[in-house]
Each structure stands twice: as C-alpha cells, then as structure tokens.
Amino acid sequence: MSHFQLSWVKTRAEALWMKRFHAGAEENQGLVVRDELAHTYGDACRCDSLASSPESPTAFRSDGSSEDGARSTRPNITTWEAGWNVTNAIQGIFVLGLPYALLQSGYMGLLLLVLAALICSYTGKILVSCLYEEDENGHSVRVRHTYEDIATACCKHICPYIGGKVVNAAQVVELLMTCILYLVVSSNLMCHSLFFLPLTPASCSAITFLILVPCMLIRDLRVVSRLSLFCSLAQFLITFIVIGYCLRQSSQWASRRLSAVVVDFDGFQVAVGVIIFSYTSQIYLPTLEECMTDRLDFNSMIDWTHALACVLKTAFSVVAFLTWGEETKEVITDNLPTALRMVVNLCLLAKALLSYPLPFYAAAEILQTGLLKLNSSAEGAERWTLLLRGSLLLLTLIMALYVPHFSLLMGLTGSVTGAAMTLLLPALFHLQLKWTQLDASRRVLDLLILLLGCFCSISGVICSIKGMITAFEDK
C-alpha cells in the first residue's frame, strides 16, 4: 500500500472517530462549513444567527445584523434593557438573606460574595459562547439559539432526542418554581403590609393573581425589560433604605465582629447556596443575547451588572451585620423598626410583582417554542398561546395555595436544577464544545466549576431533605 493510500486511510479514520464519538467534529476542527450549518440548523440560521458575536468584532456590523442586512425576527432590545433584565434576575429576594448568610459563614462569606459574582459572570459568558462556532473564514457565527440547542449539540452522539428535552424540562421547573415563589412572597407581603384591612391569606393570593393576569398578554421582551427596570429601581430603593438606616446606627459597629472560623457546617452550606444562587441569570442569557441590538456589548454588560450587584450586596450585607451582629434575622427586614419595615415591605411587594413577568415570560416561551412547538404564524396560534399562558398562571396560583412547605420543595428542586443550569451545564458544555480551543488553565477552571456545582447540588439536597424531615416531624 502506497504512502498516499496510508495517509488517506488515516485521514478517513480520524474523521470517522471525530464524527461518531465526539460532540461535533466541527467544534474540534475550529470551523463550520456554511452548507453543513444550513443542513443542520435550517436556512433560518443564515438569517438570524449571522449576527455579531461577542468574540468576533470584525465579522459583522455592530448593530447586530450581518453584512447582507439580515436580522433576527425577534424584537430587539438595547444593551441597557438587557442589563436591567439581568439585574432583575441577580438582585432578587435572595438579597434579604445575605446578611444572615454572612453571619453563618464569617469572613468566608465576604470572599464568597466576590467569587460568586466572578464565577456566575464567567459561566454566563461561556454559555453564550457555546451558541457560536467559526465559519471557514474564521468568523463567529451564531448556529444555536437556545440552551436546548447547546444540550442537543453536546448529546447528539449519546442521546440526541433526550438531552435538549431534559434541559428544557429543568428550565421550566426552575422558572415555574421562581414564579410560585414570587406569588407566595407577594401574597405574604400584602397580608403583612395591609394589616389594617380585613384580608385573609387566600384573598391576598387572589388579589395578587388578578394583578398578574396581564402577564398573559406580554409578547415582547421589551415590555419585560421595562418592568425589570422598575423592579431594579425598587431593589435599589430597598438597599439604600436599609444601608441608610444602618449607617445611622454606626456607633454600635465597634462591638460587631465576623467569625474567622465557620463553626456550623450546615449553616455554612446554606450560606453558600444563598450567596451563589443570588447571582443566577443563565437561563435567560441565550434569549437576551439573541435579542440585543449590539451583541458585541454582551460580555461588558454581564461584567458591569455582576460588578454592580457584587458591590451593592457586599455593602448591604456588611453594614447590616455590623448593625445587628448575632441578632441578625434570616430575613433582614425583620430587624427593622415597625414603621420602616412597613415601607420596605411595600417596596418588596412592588419588587416581587414586577419580578414575576421575567420568569413567566421565559417559561411560556420555552413551552411554546421548545416543547409544544407552537408556530406563531399558524392559524389559531394566538388562542393556544393565551390558553397556555393562562394555564401557567393558574398553575402557579394553585401550587402557591395548596402545596405544603413550598419553600422546602423549592429548595430541593432548586438545588438540582439551579446548580445544574448555573454551574454544572455551562462548564460541561463549554468543555465539550470548545475543548480544542481552550488552554490548560481554562480547562482546569471549568473542571473546578463543575466540582463546585456538584458540591452545591449535593449539599443543597441534603439540607432540604433535613429541613423537610424536621418540618414533618414538628407537624
């Protein structure tokens, strides 16, 4: 056999191995042929995925369109609007538990507040980078649209019909649990804030439900972005009210000291979970990045939103702990004087109501396009869409009213889906799709994040099960 024949056999064998046993031969070769992209993802990818990548400033125009003028069919949002949505996600109700988490974790908690911001910012960026591949000219092309598409690309040689569906199911569970949490919190805050009115918990839930009914009609991410803006302003107001009150009590700070050593390991596990999952926004990022007018700004938007969140959360947690020390409650508003607590609770009520549309819209979009495959242009699609959204809204109300120990149930499911969507899957998918493009340090970093995700998931499940056992034993 000639040298040429041997070389040809070797080349074909390597190609067969990469095709059958690795997550896409295209990723390992570092390029994607356009004809293969059109065959795999359909001609639509030529139109709405040839947009500027965060990693390729020269490939496409900065307005998010390709050189031939093609644009995404989704409504576009500005970088600021995308930033408000991310801020809404990472400046959530969890913030109120951060001072108590700092009490449980000591100086390690301060380090975790910074590390969590860096890690979640990083996993968000690598998740979006998995939406892109390079074409034959070395330009980044957006060949995937959703979290499901990334999972499908990674699992296509193992379980091609299951991987994406499992990720979609996990996203829907996580988003619905978040919606139910906001509904429960809104109802409770309404009862406590409007105590002078004869309102029962059930009537508060019904009023909250009626306020949220217009969410069924939201079909544009720009509307969600504006609501997220007001939600973020409410969060900033709460933060500044608490910090302002704490600064007035600064004469007491000299007697407060953080613990250098974590004594309660169970408390530390809870603190880790609270701190890390107060930065989660990964579920929303593929859609937000796709809708951005200028996708080149995505990485910088992620950086400044997480940096701002880190500064505010750290300042909020430290001054609250210095003010109340060992008396810090699990929800910091319980430490406030009665009059100030009522004002803060009203702001929290507004924030919880304004937070609901973002996860609700995301869950409805996933169910509509990912699982049910509803075509917006098909006859009767509007009726089916309204029916789907109305059913989701009613489901969140029923679960908020009738599921016992919902917070513990959310903790259990969130420990699995939250850790997976935020830490495990972004790092795993990035390793699988970009292995040949990563240096040793990036591979080690992704592996460490994988281990952290496993720790958070396992410890969260253990703590949630312990809490459930204790709750049912007390009952």
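The values are calculated or read from the model by the stated rules, or taken from the named source; none is laboratory data. If you're wondering where the values come from, they're calculated on a predicted model, not measured in any experiment. When we count neighbours, we look across all protein chains shown, and the Cβ atoms used for this are built from the backbone with ideal geometry, even at glycine. Just the protein is used for accessible areas: all its heavy atoms, side chains included, with ligands, DNA and RNA removed. Shrake-Rupley method; radii C 1.70, N 1.55, O 1.52, S 1.80 Å.
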Conditions (1) within 22 Å of Ala169 (Cβ to Cβ); (2) at pLDDT below 90 -> Pro426 fails only (2)
Number of the condition not met by Asp135 [criteria: (1) at pLDDT 80 or above; (2) touching a Lys or Arg at 6+ places or on another chain (Cβ under 7 Å); (3) surrounded by 21 or more Cβ atoms within 10 Å (Cβ to Cβ); (4) within 30 Å of Thr436 (Cβ to Cβ)] | (3)
Which listed residue is farther than 21 Å from Ile302 by Cβ, in contact with a helix residue (DSSP H, G or I) (Cβ under 6 Å, 6 or more places away or on another chain) and crowded, with 21+ Cβ neighbours inside 10 Å, from Leu127, Leu189 = Leu189
Just checking, how many residues over segment 156-167 are without any contact (Cβ under 8 Å) to a residue 40 or more places away in the chain and open to solvent by 20 Å² or more (accessible area, probe 1.4 Å)?
-> 6
Hey, can you tell me all the residues within segment 105-121 that are in contact with a Leu (Cβ under 8 Å, 6 or more places away or on another chain) and open to solvent by 10 Å² or more (accessible area, probe 1.4 Å)?
-> Tyr107, Leu110, Ile119
Please find, among Leu452, Leu428, the residue that is touching a residue at least 40 places away in the same chain (Cβ under 8 Å), part of a helix (DSSP H, G or I) and open to solvent by 70 Å² or more (accessible area, probe 1.4 Å).
-> Leu428
Candidates Leu358, Leu354, filtered to the one that is in contact with a Phe, Trp or Tyr (Cβ under 6 Å, 6 or more places away or on another chain), at pLDDT 90 or above and either open to solvent by 30 Å² or more (accessible area, probe 1.4 Å) or not small (Gly, Ala, Ser) (or both) = Leu354
Segment 456-471, subset without any contact (Cβ under 8 Å) to a residue 60 or more places away in the chain and among the hydrophobic types (A, V, I, L, M, F, W, C), residue most open to solvent (accessible area, probe 1.4 Å) = Ile458
Given Phe209, Phe230, which one is among the aromatic types (Phe, Trp, Tyr), part of a helix (DSSP H, G or I), surrounded by fewer than 18 Cβ atoms within 10 Å (Cβ to Cβ) and at pLDDT 85 or above?
-> Phe230
